[in-house]
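Structure, as structure tokens:
Readers should treat all values here as calculations from the given coordinates under stated rules, not as data from a laboratory. Please read these numbers as outputs of a predicted model, since none were measured by experiment. As a convention, Cβ positions derive from the backbone with ideal geometry for all residues, glycine included, and neighbour counts pool all protein chains shown.
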Amino acid sequence: MTSKQTKTGKVVSPTPTNLKAQTPAVSAAAGDPRILVPIDFSEPSMGALRAAVHFTRLYGGRVTLLHVLQPPALPRLWQYPQVMKLGIISAEVSTQLTALGRKRVGAEHFDKALVQCGEPFEEIVKAARTLKTDLIIMATRGQAGLKRLFLGSTAERVIRYAPCAVLTVNGEQKPGWPNAKRQDARA
């Protein structure tokens, strides 16, 4: 990065304190960037949460955690008790998400936990629009074969329809990331 001269003639060089304002990818119009992290409590989604925490420590921001419950499309008679319990399940998941957010993200960067019912990609995109999210950080699963051919992946659909930038995190945790030091290929 190079130094810039302000309107008053003062020369400003990039420093860690003013770098946040100079980073267009993460600068929100009104303060800290709003980050949405869809969580299904799987290891890949926990990797996305770790990436979001790392991101907020570097650039600031407020993290909202979202979990989407998928009720059966046409519940059969024996499934009605489960469908009727969605309100109870939703409250329990919301409590777990809030605890996870406070523990992993920290009070400074954690905004809220949301639980929605529906198709995951639709609910993620809807939440991003409603919350005016600046960035979605989510995991990929690496599905292959006929399932992906006919249905597509949730991450792929979110990328296609999201009103904001989407950062996808590979579902496989790399050893030592994000704490590993870069190894120079020339060494």
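Return Lys126, Lys132 ranked ascending by Cβ neighbour count within 10 Å, so the fewest neighbours appear first. Write out the running numbers ahead of the final one.
Numbers: Lys126 17, Lys132 12.
By the 10 Å Cβ count, ascending: Lys132, Lys126.
By how many nm would the segment from Ile88 to Glu108 lengthen if fully extended, with 0.36 nm per residue of separation less the alpha-carbon distance?
4.3 nm
Testing the spin-label approximation: label points 7 Å from Cα along Cα→Cβ at His54 and Gln70. State their distance in nm.
Going by the 7 Å Cα→Cβ label model, 2.8 nm.
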